[in-house]
Amino acid sequence: MNTPPTPDWHARAAALQPDGRLYIDGQRAWAADDASFEKHSPIDGRRLATVARGRAADIERAVAAARAAFDDGRWARQAPAARKKVLHRFSELIVAARDELALLETLDMGKPIRYSRSVDVPAAANCIAWYAEAIDKVYDEIAPTGPQALALITREPMGVIGAIVPWNYPMIMAAWKLGPALASGNSVVLKPSEKSPLTAPRLAELAVEAGLPPGVFNVVPGYGPEAGEALALHPEVDAVGFTGSTRVGRRMLEYAGRSNLKRVYNELGGKSAFIVFPDCEDLERAAATAAGAMFFNQGESCNAPSRLLVHESIADGFAERVAALAPRYQPGDPLDATTEMGALVDEGQLRTVLGYIDAGHEAGARCLTGGRQARIDSGGYYVEPTVFDGVGNEMHIAREEIFGPVLSLIRFRDEAEAVCLANDSSYGLQASVWSHSLDRAHRVARALRAGTVHVNQYDEDDITVPFGGYKQSGNGRDKSLHAFDKYTELKTTWLRIAMPASR
Ligand code: NAD
């Protein structure tokens, strides 16, 4: 069998002319006031596109289109099997546009092309297909009431959903909202991050090409305090599905309070603990898993295991193992198909990450490897994979989400202290326990205040399982059938059943 030649990503990137216009009611358009911003690539600073700078007037147009589409039932009142067909076609078109979407994503936010092509595009397509397939298999309920009445408990689409997403996995985060929201019959206005605005309007074009009626899925790129705020405050938006920082998640709750008390589902930051006990039977695999999960996506993952909690008896050796893996993750050209780690999203993020590295040094943590900016001549924003040892859980680098390739190793004395340190965080997104003892694994997994706990692994991921956090990591759950709860209202309908007069 002949293997297809590896695409020349540099040539393709040079030929690409991304369309930065917004997408409302089935049409590409510029912002109402013609405002725009220039988008440059973090991989080398090249100019990528002029992007429509959506503001309140554009959100107004998009919400009006979404509302009209919802109210006339062009999508919401189609049979589930009909919606399924359209969404399957949408998923197929995403797969067919794989190279184009992967390239846009890499140029836009800096991740290696091998991963935007093998992870981001397939995961987004799979998510849409999964919800397409689910929607004609979910039944409503009849309550076990008495004989003189019938109580139907049904799920109905909410109406207009505002989806506000971050830049670290732009297509996947959008798909996690779009899948359940569209499958259950809602209309959507999606606001991508201003740092990664290019794939979202393209997804909307593909959806309409697949047969989604115009107006059902609209995209307004723009800045958070402009387009994002206008969307989250809009009285005709019934729910906001937000993924982003805890700081902005707080604002989402305020916007809802100041407007129409719309439902707010927050998927926020994390500072996940990866706990290694001395009875872990494969320290080599534990170290490789920690490094792989930490440095994947340049450390710009909400669930990156950025606090490595290691028992003091094995900590020295474990620190050495993790640090020795760093060369594998040295940042490289994201358009080179062998690169493992790419560019940070922009100069601001670069400064933030370098600032935290300085804070680690100042607090007295010991930098075992990395700690510097890399590939400076490229014109892009790269940081070496960095491992600090001797970190205290009270230090800034242990408490705050860095969102870059910086791992902090914290030592513990016993199981009780490990649980205490892991839970001593305002976040509660994920955690991992490494131990050969089944009892310990279950005990610790139960004691951890986190939305997902991994045992002796960190890699498993599937659209069938919920994803979300405890505490200030958020309230909603993306993925799985549970995500339908976010975008549907629960209705009870009582019917009287007249009984024949007794003879
Ligand atoms: P961010 O909060 O700065 O921005 C997220 C989105 O909100 C963007 O579209 C942005 O334009 C918009 N926004 C910003 N300010 C706004 C405002 N005042 N009003 C309305 N909208 C506003 O987050 P980010 O830097 O884009 O993304 C990184 C964050 O996302 C990290 O904290 C990460 O942990 C989190 N994240 C969480 C998950 C999860 O599932 N829990 C997944 C991915 C990323």
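The values are calculated or read from the model by the stated rules, or taken from the named source; none is laboratory data. Because the structure is predicted, anything quoted here is derived from the model rather than measured. Note: ideal-geometry Cβ built from the backbone for every residue, glycine included; neighbour counts use all protein chains shown. We work out accessible area using only protein heavy atoms, side chains counted, and drop any ligands, DNA or RNA first. Shrake-Rupley method; radii C 1.70, N 1.55, O 1.52, S 1.80 Å.
Here is a list: G215, G241. Which entry is more than 6 Å from the ligand (Cβ to nearest atom), small (G, A, S) and at positive phi? Criteria check complete, one pass: G215.
Which ones in region 283-324 are in contact with a strand residue (DSSP E or B) (Cβ under 9 Å, 6 or more places away or on another chain), surrounded by fewer than 20 Cβ atoms within 10 Å (Cβ to Cβ) and in contact (Cβ under 8 Å) with a residue 60 or more places away in the chain? Hit for region 283-324 is E312, nothing else.
Are any of the residues in region 27-36 small (G, A, S), more than 30 Å from P157 (Cβ to Cβ) and without any contact (Cβ under 8 Å) to a residue 60 or more places away in the chain? Within region 27-36, one or more residues are small (G, A, S), more than 30 Å from P157 (Cβ to Cβ) and without any contact (Cβ under 8 Å) to a residue 60 or more places away in the chain. Every condition in (1) of a type in the set (D, E, K, R); (2) in a loop (DSSP other than H, G, I, E, B); (3) over 17 Å from the mean Cα position of the chain (by Cα); (4) within 14 Å of the ligand (Cβ to nearest atom) is met by R250 except one, and the failing one is (2).
Where strands (runs of 3 or more DSSP E) fall wholly inside region 18-60, the ranges with 1 or more residues that are open to solvent by 60 Å² or more (accessible area, probe 1.4 Å) and touching a Leu at 6+ places or on another chain (Cβ under 9 Å) are 36-40.
Remark: pairs (first residue in region 210-224, assigned to a strand (DSSP E or B); second residue polar (S, T, N, Q); Cβ separation under 8 Å; 6+ apart in sequence or on different chains) = F217/S187; N218/S187. Being open to solvent by 40 Å² or more (accessible area, probe 1.4 Å), more than 27 Å from P327 (Cα to Cα) and free of Cβ contacts under 8 Å to residues at least 12 places away in the same chain: is that true of D424 here? Taking the combined requirement at face value, the residue does not satisfy it.
Residues that are closer than 22 Å to N168 by Cβ and of a type in the set (V, I, T) were ranked within region 203-244; the one that is surrounded by the most Cβ atoms within 10 Å (Cβ to Cβ) is V220. A single member of K111, K177, K195 is in a loop (DSSP other than H, G, I, E, B), open to solvent by less than 10 Å² (accessible area, probe 1.4 Å) and basic (K, R), and it is K111.
When residues in region 139-174 are screened for being touching a helix residue (DSSP H, G or I) at 6+ places or on another chain (Cβ under 7 Å) and not in a strand (DSSP E or B), 11 of them pass. Taking region 460-476 as the range and being in contact with a helix residue (DSSP H, G or I) (Cβ under 7 Å, 6 or more places away or on another chain) and either aliphatic (A, V, I, L, M) or farther than 11 Å from L429 by Cα (or both) as the test, the residues that pass are I463, P466, G476.
Which numbered condition trips up T145, out of (1) over 14 Å from Y487 (Cα atoms); (2) open to solvent by less than 20 Å² (accessible area, probe 1.4 Å)? Of the numbered conditions (1) over 14 Å from Y487 (Cα atoms); (2) open to solvent by less than 20 Å² (accessible area, probe 1.4 Å), the odd one out for T145 is (2).
Within region 245-260, at least one residue is closer than 23 Å to V216 by Cβ and surrounded by fewer than 17 Cβ atoms within 10 Å (Cβ to Cβ). Checking each residue in region 469-501 for being touching a Leu at 6+ places or on another chain (Cβ under 8 Å) and either at positive phi or outside any strand (DSSP E or B) (or both) picks out G469, Q472, S473, G474, I497.
In this entry, P235 passes the filter for residues that are away from the ligand (no atom under 12 Å from the Cβ), outside any helix (DSSP H, G or I) and without any contact (Cβ under 8 Å) to a residue 40 or more places away in the chain. Please tell me if S91 is in a helix (DSSP H, G or I), out of contact with any Asp or Glu (no Cβ under 9 Å at 6 or more places or on another chain), of a type in the set (S, T, N, Q) and open to solvent by 30 Å² or more (accessible area, probe 1.4 Å). No.
Checked against (1) part of a strand (DSSP E or B); (2) more than 16 Å from the ligand (Cβ to nearest atom), E205 meets all criteria but (1). Could you please let me know if A337 is touching a Lys or Arg at 6+ places or on another chain (Cβ under 7 Å), closer than 25 Å to D99 by Cα and more than 16 Å from the ligand (Cβ to nearest atom)? In short, yes. Looking across region 465-503 at every residue that is in contact (Cβ under 8 Å) with a residue 24 or more places away in the chain, open to solvent by 30 Å² or more (accessible area, probe 1.4 Å) and within 16 Å of the ligand (Cβ to nearest atom), the one that is nearest to the chain's Cα centre (by Cα) is identified as R477.
Scanning region 325-334 for residues that are open to solvent by less than 10 Å² (accessible area, probe 1.4 Å) and assigned to a loop (DSSP other than H, G, I, E, B) yields one hit, P334.
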